[in-house]
Amino acid sequence: QVQVVESGGGLVQAGGSLRLSCTVSGGGFNIMFMSWYRQAPGKQRELVATIAPSGSTNYADSVKGRFTISRNNAKNTVLLQMNSLKPGDAAVYYCGALVIATQYWGQGTQVTVSS
């Protein structure tokens with residue numbers, strides 16, 4: 001049974017930084033396609049960043065140059081380093097793990113950015 005758990009959210013001032021962490025249990029992490037999504041109140045869930053098993057990354061235009069996704073296969077973790085945060089980045093951030101055509105989600109972690 002794959003379980004996905006996010007942590008690291010919180011309140012930060014605009015211009016500040018936060019680092020989100022996602023830990024996956026249940027095996028197979030090194031072949032998982034990992035992603036971070038976010039959902040703000042009244043808005044659809046949107047893709048923030050992805051990282052393939054190879055380490056190849058992809059980012060939404062809105063976060064390019066500010067956010068960095070990385071993975072540590074030895075620790076079964078994915079990190080999302082968020083710098084230069086803006087009020088528009090405030091949302092619940094979800095970690096996704098895709099393996100063998102099955103998508104798993106964490107419970108989400110709240111990120112609040114004060115102006």
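The values are calculated or read from the model by the stated rules, or taken from the named source; none is laboratory data. The model shown is predicted, which means the values in this text are computed figures rather than measured ones. Glycine also receives a Cβ, built like all others from the backbone with ideal geometry; neighbour counts cover every protein chain displayed. The accessibility values were calculated without ligands, DNA or RNA, using every heavy atom of the protein model including side chains. Shrake-Rupley method; radii C 1.70, N 1.55, O 1.52, S 1.80 Å.
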Sites matching trypsin sites (Lys or Arg not before Pro) across the range 6-115 that sit in DSSP coil, with at most 12 neighbouring C-beta atoms within 10 Å
K43, K64, K75
Excluding ligands and nucleic acids, what accessible area in Å² is computed for S114 using a 1.4 Å probe, to the nearest 10?
40
How much FRET efficiency would the formula 1/(1 + (r/R0)^6) give for A14 and N72, where r is the Cβ-Cβ distance and R0 is 22 Å, rounded to 0.05?
0.15
Spacing of the two label points (7 Å from each Cα toward its C-beta) at V5 and S56, in nm:
3.2
Using alpha-carbon pairs under 8 Å, 6+ residues apart, how would you state the relative contact order of the chain in percent?
37
Surface accessible to a 1.4 Å probe, per residue, for the residues of the chain, Å²
52
For the chain, give the percent of accessible area contributed by carbon and sulfur heavy atoms, probe 1.4 Å, rounded to a whole number.
49
Name the residues of the range 61-81 whose amide N is less than 19 Å from a point 7 angstrom out from the Cα of Y104 along the C-beta direction?
70-80
Less than 16 Å apart at the alpha-carbon level, and either on another chain or at least 8 residues along: which lysines does that give for K64?
K86
